[in-house]
Structures are given as structure tokens and as C-alpha cells.
Amino acid sequence: MAGKREAKKEDLRSRLVAAGTELIREQGLKNLRARDIAERAGAALGGLYTVFDDLDGLILHVNSGTLKRLEAALNSAVLPAADVQETFLSLSLAYLRFALAERNLWAALFEHRMPEGTPVPEWHLAEHGFLIGLIAAPLAQQLPDASREDVAIRARTFFAAVHGVISLSLEARFIGITPEVLEREITALAGILARRPN
């Protein structure tokens, strides 16, 4: 009996996450409503709260799925025998292409905020680790005398630079780059970042 109940709950969870993913993909995070998710999932509104504590809990699971797809895209872009410059370029372009293909879901990774006083769960923070890890690995080869902490800091700086250019551009900020030249400029930026630092 308990097994059936758990299976039903898991099915409901999957349908709700799928519905939330579809709605964020279509309309972005800003207008996401629990009622719309439940309706899309074919569930009662109260059903959402039997699976998740609140709407933020569901959004975390949608973002978790997005992170898994992003990680797969970045991992598949890197060739094992590639040098540092090729790796940074491949990662940067794969990141850009994912952001362009999944603009609203990608944006939701950075737009979502937990309510004040509620920390992001550790399991979800840990899921972001690959973003820095994929950069830190080739950086460690390039900076053999640097501490792990310094390599991690440099990897964060690299990520922030590439992400910042893409984010400002896709948000059409005045300082952003038009989509027509964005890939060219990300390629140039990756080359600059890949140069061995002094």
C-alpha cells in the first residue's frame, strides 16, 4: 500500500516538474503561478503542496533538471585531448548555445530567489558545482603552482566574465552585444581568458 502511495506521489511530482518546466520555457519565471502548473499537470492545486512545500520547492526541482541538461551539454562539448584554449572555447560556446536555446529556463537558474531568511538547500547549491569544476580542471594544469582556492577563484572569474556578457546581451541591456555578433565576441573573450596569466 505504501509503495503504491509513493509511486503515485512520484508520478505527481514528475508531472508537476514537467508542467513547471514547460511553463517557464514558454513564459519565463516572472509570471509562473502554482495554479497554472497544477492545471497543466492535470492535478488539483492542493496536490502541488502534497509534493512540494511551496512553489519555490518546485522551481528548485525545475532548475535542477535544467542544470542536469546544461551539464550534459557542456560535458559533451569538451574533447578529452583538447588543450586549455580549445576547452575554454568549447565550454564558452556550448554555454552560449544552451542559453540561446533554453533562454527562459537558463535565466530562471539565476533569477530565482528563495524567500528572505530561507537558504538555498545544500543539495541544490552542490548541483551548480560543475559550472566551476569544468573550468577549474584545465585551469589547474595552466596554473600548477596555484592553490586549489586560487584556481577556484580564477574559475569563478572566468565563468562570471562569460556569463555576464551573455546575460547582459540576452537581456538587451544598453551595454550588451547584439545576437548577431555575440558568438564572435564570446569566442574572442574565451581566447583572452585562456591565455596563461602572469
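What residue, among those in region 163-198 that are modelled with pLDDT under 85 and in a helix (DSSP H, G or I), is surrounded by the fewest Cβ atoms within 10 Å (Cβ to Cβ)? In this case the residue turns out to be E180.
Only residues that are free of Cβ contacts under 8 Å to residues at least 60 places away in the same chain, part of a loop (DSSP other than H, G, I, E, B) and either more than 30 Å from L170 (Cα to Cα) or open to solvent by less than 50 Å² (accessible area, probe 1.4 Å) (or both) were counted across region 21-41, and they come to 1. Please work out if L29 is of a type outside the set (G, A, S), touching a Phe, Trp or Tyr at 6+ places or on another chain (Cβ under 6 Å) and under 21 Å from H112 (Cα atoms). Judged against the criteria, L29 is not a match. For region 79-92, the tally of residues that are open to solvent by 20 Å² or more (accessible area, probe 1.4 Å) and not acidic (D, E) stands at 8. If the condition is being without any contact (Cβ under 8 Å) to a residue 60 or more places away in the chain, within 18 Å of Q27 (Cβ to Cβ) and of a type in the set (G, A, S), then region 45-104 contributes G65, A101.
When each of G57, G47, G65 is tested for being more than 26 Å from T157 (Cβ to Cβ), within 11 Å of the chain's Cα centre (by Cα) and not in a loop (DSSP other than H, G, I, E, B), the lone residue that passes is G65. Checking each residue in region 56-78 for being surrounded by 18 or more Cβ atoms within 10 Å (Cβ to Cβ) and either of a type in the set (K, R) or farther than 29 Å from L91 by Cα (or both) picks out no residue at all. Within region 125-151, residues that are over 24 Å from G65 (Cα atoms) have Cβ atoms under 7 Å from residues that are among the hydroxyl-bearing types (S, T, Y) in these pairs: P138/T87, counting only partners at least 6 apart in sequence or on another chain. Kindly indicate which of A44, A18, A7 is hydrophobic (A, V, I, L, M, F, W, C), open to solvent by 30 Å² or more (accessible area, probe 1.4 Å) and under 25 Å from R103 (Cβ atoms). Of A44, A18, A7, the one residue that is hydrophobic (A, V, I, L, M, F, W, C), open to solvent by 30 Å² or more (accessible area, probe 1.4 Å) and under 25 Å from R103 (Cβ atoms) is A18. Condition test on P121, is it touching a residue at least 40 places away in the same chain (Cβ under 8 Å), open to solvent by less than 40 Å² (accessible area, probe 1.4 Å) and under 29 Å from L32 (Cβ atoms)? In short, yes.
Kindly check whether there is at least one residue in region 77-94 that is under 29 Å from A172 (Cβ atoms), assigned to a helix (DSSP H, G or I), among the aromatic types (F, W, Y) and under 11 Å from the mean Cα position of the chain (by Cα). So far as region 77-94 goes, no, none of its residues is under 29 Å from A172 (Cβ atoms), assigned to a helix (DSSP H, G or I), among the aromatic types (F, W, Y) and under 11 Å from the mean Cα position of the chain (by Cα). The listed residues are L100, L109, and the only one of them that is open to solvent by less than 50 Å² (accessible area, probe 1.4 Å), within 22 Å of A77 (Cα to Cα), part of a helix (DSSP H, G or I) and out of contact with any Lys or Arg (no Cβ under 7 Å at 6 or more places or on another chain) turns out to be L109. Testing P115 on (1) buried (at least 18 other Cβ atoms within 10 Å of the Cβ); (2) closer than 23 Å to H61 by Cα, one condition comes back false. Which one is that? Unmet condition: (1).
The values are calculated or read from the model by the stated rules, or taken from the named source; none is laboratory data. These numbers were taken from a predicted model, which means no experiment stands behind them. Counting neighbours? That spans all protein chains shown, and the Cβs are built from the backbone with ideal geometry, glycine included. All accessible areas refer to the heavy atoms of the entire protein, side chains included, with ligands and DNA or RNA removed. Shrake-Rupley method; radii C 1.70, N 1.55, O 1.52, S 1.80 Å.
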